[in-house]
Amino acid sequence: MQVFQHYIDGAFESGSCQSGSLDPATGAAWALIPMAKAADVQRAVAAADRAFRLGEWPRLTASARGKLLLKLADLVEAEAQTLAEIETRDTGKIIRETRAQIAYVAEYYRYYAGLADKIEGAHLPIDKPDMEVWLRREPVGVVAAIVPWNSQLFLSAVKLGPALAAGCTVVLKASEDAPAPLLHFARLVQAAGFPAGVVNILTGGPATGQALCAHPKVAHIAFTGGPETARHIVRASAENLSRTSLELGGKSPFIVFDDADLDSAVNAQVAGIFAASGQSCVAGSRLLVQASIKQDFLARLGARAQSVKMGAPDRMDTEIGPLCTDRQRGRILDLIARSTAMGARLVAGGEVPEGPGYYFPPTILDCTAAPDAPCLREEFFGPVLSVQTFTDEAEALHLANDTAYGLASGVFTNSLTRAHRMIRGIRAGIVWVNTYRAVSPLAPFGGHGLSGHGREGGLAAALDYTTVKTVWLRTSDAPIPDPFIMR
Ligand code: NAD
């Protein structure tokens, strides 16, 4: 078994207890991982707090921080194959995707490397002749970053990149379900030359996360995960009034009009719901298709779904690997059962294949006769598509917005004017038109409602890790006038 360690205060350690990490393709333990207790969390936060206030890190210029991030980006790129293999082994995500995603993770670090010395303050043309007033953008402090098991290297890059560019220090908690990629990534952080305590990486379950969020020295909690966990996190943050940014799940509409290029729409829908076995927060899990093309579209989609190659995630020809955990598969089966009991009709998939591993096939549920089925409201986080039909634009918009979530959306149409009307009307953090699941370090990413708040990616994300200090400097040598009047 491979052995992984925590990275705290610049040193690797085995933690106070250990557990086996399971390979989702076989269900067998393949790696030994540490599990942080409250005392480990305390030490990690103390190290991050020390590094934030004392030593080398607060004295580094922004350009020097950028250079460290650039080095990290190069190391991620050089180590991409190993990182991809570890992520595939630990999460079941197919190797084709982990490879491509990790190569792109390096671009996120590069983007924030370049941004580090562009986070500027401002000078105010103040309305008092004897004053100079300016604003300093300062790092907010220690950041607690908490990520789920899917796309851990990516979801931590969108937190570490901007936080480090801004000058913060970080305690990153990897998911207990598949922490190996981030624990390995810690080696690259060390090799890049970040001072001890600037980045600390550990893992553990809810109690570890809770201890981290409740710590009085944590200034900002950057969380990606489910809405129920987010509620615990916000409650924990209330004690110290620490900031939060929450990237949660979705029930994103994928809308296909009868004038769309159907071949493209089918491919995008396959990418939107079956890629990564549907374990994607932006999964286009609600297909809204215009009634006049429903049969044609579902026939093409069903054929493509049935031809998807499910298999070992480390094979280059595999298109869909196993789910990350058996628990996740249990949740999906339960949600399908509750939905079919309310009238949703299984059109494809739905059955657990025989054999080892946590596999689940591409599945389609027709909900035309079941508008209240839970599969239209609750996130599967699996390869399950719920289908509804609409007759006109107004109904499409009504159904698209009939959700407590608001993360992503897709619109397929060849009408430019309709596309603009839909872009305006959809309530979601992302609208993709005639494409789906595209990302870039330059583009903000986040949602509304149960999908959370705050944005990752882009300049705004780096500013989120800063606080403004207003400086007043009196330029007059004359004595201060009447001290009882506010000036
Ligand atoms: P989860 O909410 O169960 O766990 C996420 C992380 O929170 C894990 O590291 C877990 O250990 C930690 N955690 C659990 N309880 C905690 C507590 N009480 N206090 C602090 N931390 C705690 O999510 P999951 O099942 O691992 O991941 C799936 C969810 O993540 C889905 O809802 C998915 O949509 C969401 N997600 C969102 C995005 C996005 O960017 N919006 C991206 C990927 C995944």
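The values are calculated or read from the model by the stated rules, or taken from the named source; none is laboratory data. For clarity, every value in this text was computed on a predicted model and none was experimentally measured. Reconstructed Cβ throughout: ideal geometry from the backbone, glycine too, with neighbour counts over all protein chains shown. Ligands, DNA and RNA are stripped out before the accessible areas are found, and what is left, the full protein with its side chains, is counted by its heavy atoms. Shrake-Rupley method; radii C 1.70, N 1.55, O 1.52, S 1.80 Å.
Details
- Using the Cβ-Cβ distance between W472 and D74 with R0 = 30 Å, the FRET efficiency computed as 1/(1 + (r/R0)^6) comes to roughly 0.10.
- A straight Cα-to-Cα reach below 18 Å connects K294 with the aspartates and glutamates D258, D259, D261, D263, D366, D392, E393, E395, residues fewer than 8 places away in its own chain not being considered.
- The stretch 253-433, relative contact order in percent, only Cα pairs under 8 angstrom and at least six apart counted: 29 percent
- With both labels modelled 7 Å from their Cα along Cα-to-Cβ, the L463 to A28 distance reads 5.3 nm.
- Since only I293, A303, A196 are under comparison, the one whose Cα sits farthest along the positive direction of the charge dipole of the stretch 188-342, derived from C-beta charges on Lys, Arg, Asp and Glu, is A196.
- Quarter of the Cα convex hull surface for the chain, i.e. its orientation-mean projected area (nm²): 26.2 nm²
- Each helix, a run of at least 4 DSSP H residues, gives -39500 (n - 2.57); summed and divided by the residues of the chain, these come to -12000 deg cm²/dmol at 222 nm.
- Kyte-Doolittle mean at least -0.5, axial Cα span of 15 Å or more - DSSP H helices of the chain: 38-53, 62-78, 95-115, 152-166, 180-192, 262-273
- Taking all protein chains as shown and a probe of 1.4 angstrom, S151 keeps an accessible surface of around 10 Å².
- Stokes-Einstein diffusion for the stretch 253-433 at 25 °C, viscosity 0.890 mPa s, with a Kirkwood radius from C-alpha pairs, works out to 150 µm²/s.
- The simple spin-label model puts a point 7 Å past each Cα toward its Cβ; for Q306 and H448 those points are separated by 4.0 nm.
- Label-to-label distance, Q190 versus I126, with points set 7 angstrom from Cα along the beta-carbon direction: 4.8 nm.
- Set of the stretch 253-281 residues, backbone N closer than 20 Å to the point 7 Å along the Cα-Cβ line of S415: 253-266
- If you sort L172, L32 by accessible surface, 1.4 Å probe, largest first, the order is L32, L172.
- Rounded accessible area of D482 (nearest 10 Å², 1.4 Å probe): 80 Å²
- DSSP bridge orientation in the stretch 253-433 - percent antiparallel, rounded to nearest 5: 15 percent
- With all protein chains modelled, accessible area of R338 [1.4 Å, Å²]: 90 Å²
- Percent carbon-and-sulfur accessible area, the chain, ignoring ligands, DNA and RNA, probe 1.4 Å: 55 percent
- Of all lysines in the structure, the ones whose alpha carbon falls short of 18 Å from that of K173, not counting any fewer than 8 places away in one chain, are K37, K159, K217.
- Unsatisfied cross-links (Cα-Cα over 21 Å) in the set K67/K118; K71/K93; K93/K309: K71/K93
- Candidate lysines - alpha carbon under 23 Å from K128, same-chain residues fewer than 8 apart omitted: K469
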